[in-house]
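Working notes, structure below.
What follows is calculated from the coordinates using simple rules that are stated; it is not laboratory data. These numbers come from a predicted model, not from an experiment. We place every Cβ from the backbone using ideal geometry, glycine too, and count neighbours over all the protein chains shown.
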Ligand SMILES: CC(=O)N[C@H]1[C@@H](OP(=O)(O)OP(=O)(O)OC[C@H]2O[C@@H](n3ccc(=O)[nH]c3=O)[C@H](O)[C@@H]2O)O[C@H](CO)[C@@H](O)[C@@H]1O[C@H](C)C(=O)N[C@@H](C)C(=O)N[C@H](CCC(=O)O)C(=O)O
Ligand SMILES: Nc1ncnc2c1ncn2[C@@H]1O[C@H](COP(=O)(O)OP(=O)(O)OP(=O)(O)O)[C@@H](O)[C@H]1O
Ligand SMILES: N[C@H](CCC[C@H](N)C(=O)O)C(=O)O
Ligand SMILES: [Mg+2]
């Protein structure tokens, strides 16, 4: 765990301070925005949020050893305090100062977009490792520093956590860090204080409208990554999907030169001769008067975009096209992304993390394309998330599947039956049933499947839990499938 040793006055140099009280020469050893995790010597940031107001926990933070506070109103507590207009918006910069600006000491790549972030960050990690780098990764599957996994709860952690992780990476000799940058993170300032060398945009389709309210707000949040591509480290680059409708707007706001990739439009990295098979994708990339064959072992047209984005990044940062292509060819797959479960059964079972209308449509279409028999799709939608995507997901799943089992995802504090009902309003012209218990739903699909069929289980991918209310229960789609297949007498584990 990184420890700091800086005076408060040094830490606040880069931010606008409205007022202060107490001795600002106090030495800060670390930083926290959660009173429950304060360590002696910490600077505690009082964040007014939607559920709680951090100012209310400042007393507890001081009892736990906080030696100074960042506040929006001065509090009657006997520790030095710094008052700012918005604590949320300055924490990133403060945390960067506390942990010695780690992003300035490594190459930092940010990946944003609705779908494909986890996948592309893993491809970039692999490309870095192939070139002998020590690589750090932060994203939905947690963080990984030079191969060591560190669990995490968010796609993009809060800014203090981000700075701590980057600082650990620097300490461990990492020279390339790649992170997923969610729209929540951009809007809540979680990556303020990060100096990115490259920004990669995947695509923009519907999700998170509970938080962003409109697609325009959602795009505005995403665009901050590209508008923020300035700083000391040069050169910087924006790598954008030229086939996405948001391309023009992102080019307009990008502070760094743009490199485009795509299949349909005229772009800098153009995929041609695309072949999609059950084993993955193969295509040629035409770029700068060169041609490079790419093979990547995840099926689906969308996989071409993910591989292209990673390839464009690798070539632009100076790696040889051939070696980047080799790295992509060596990747076996990303956990929970179009992951096959094989127990010797005569039908396919695919577990995938599609949890948006676009993601689900893509995987359903991909599975459909290589299924000789019927496509049985099992999925649900998360509670306390964008409700408007539920009927749309019902609709796209129905369109491509032969049989639909609508079930629960993570209901969180919502009624699981109500979520299922909302999904079913979009479902028509396909045989479907609703089974609230996800384990039962998966078992049912396994019982129904005949040789040549495919079962697609979407929405939870790598997740190893299910959330009911605020309780987290162990649950892993892949394990549940194995259990069901064992029950049917299949036992040969060949994956
Ligand atoms: C919309 C959103 O992201 N909200 C996050 C935000 O909430 P908030 O600002 O309203 O804060 P709050 O919960 O009211 O708490 C206010 C402050 O009081 C503090 N507190 C609270 C209680 C206490 O005892 N002591 C204490 O100090 C909290 O630490 C916080 O600093 O800050 C909280 C503290 O870090 C987060 O827990 C909360 O994440 C919520 C729970 C969440 O589910 N976020 C998801 C949607 C999210 O971030 N997802 C993205 C996108 C994934 C994707 O791309 O699909 C992600 O990056 O994972
Ligand atoms: N480029 C893409 N375009 C559309 N769908 C994609 C793309 N890449 C992946 N998908 C689909 O979206 C799912 C999630 O992919 P991935 O985890 O890479 O996205 P993400 O952007 O990291 O998601 P999250 O927002 O949850 O972090 C995959 O399981 C697949 O079904
Ligand atoms: N990062 C996404 C993941 C959704 C995954 C799905 N299983 C759910 O719980 O809704 C989110 O927080 O919206
Ligand atoms: Mg992700």
Measure nothing fancy, just the Cα-based angle from helix 477-487's long axis to the longest principal axis of the chain, in degrees from 0 to 90, nearest 10.
40
For the Cα atoms of the chain, what angle does the longest principal axis make with the long axis of helix 438-448, in degrees from 0 to 90, nearest 10?
20
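Give me the percent of DSSP beta bridges within the range 339-487 that run antiparallel, rounded to the nearest 5.
The antiparallel proportion sits near 25 percent.
Starting from the Cα gyration tensor of the range 5-127, take the square roots of the eigenvalues, sort them a ≥ b ≥ c, and report rounded, prolate or oblate (rounded when a/c is under 1.5, otherwise prolate if a/b is larger than b/c, else oblate).
Prolate shape, in that a/c is at least 1.5 and a/b is the bigger ratio.
By count of other Cβ within 10 Å, fewest leading, how are 467, 120, 129 ordered?
On the way: 467 19, 120 27, 129 16.
By the 10 Å Cβ count, ascending: 129, 467, 120.
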Taking Cα atoms, the helix 321-330 axis meets the longest principal axis of the chain at an angle in degrees (rounded to 10) of 70
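Counting other beta carbons within 10 Å of each Cβ, put 24, 194 in order, fewest first.
24, 194
Take every DSSP beta bridge with both residues inside the chain and express the antiparallel ones as a percent of the total, to the nearest 5.
Of all bridge pairs located within the chain, approximately 40 percent are antiparallel.
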Using helices alone, what [θ] at 222 nm do you get for the chain, with -39,500 (n - 2.57) per DSSP H run of 4 or more residues, divided over all residues and rounded to the nearest 500?
-9500 deg cm²/dmol
What is the order of 101, 251, 446, fewest Cβ neighbours within 10 Å to most?
251, 101, 446
I need the shape label for the range 339-487. Rule: rounded when a/c is under 1.5, else prolate if a/b > b/c, else oblate, with a, b, c from the alpha carbon gyration tensor.
oblate
Using alpha-carbon pairs under 8 Å, 6+ residues apart, how would you state the relative contact order of the chain in percent?
10
Under 1.5 on a/c is rounded, so check that first for the range 423-495, then, if it is not, pick prolate when a/b is larger than b/c and oblate when it is not; a ≥ b ≥ c are the square roots of the alpha carbon gyration tensor eigenvalues.
oblate
Sequence gap at least 6, Cα distance under 8 Å: using those rules, report the relative contact order of the range 356-495 to the nearest whole percent.
27
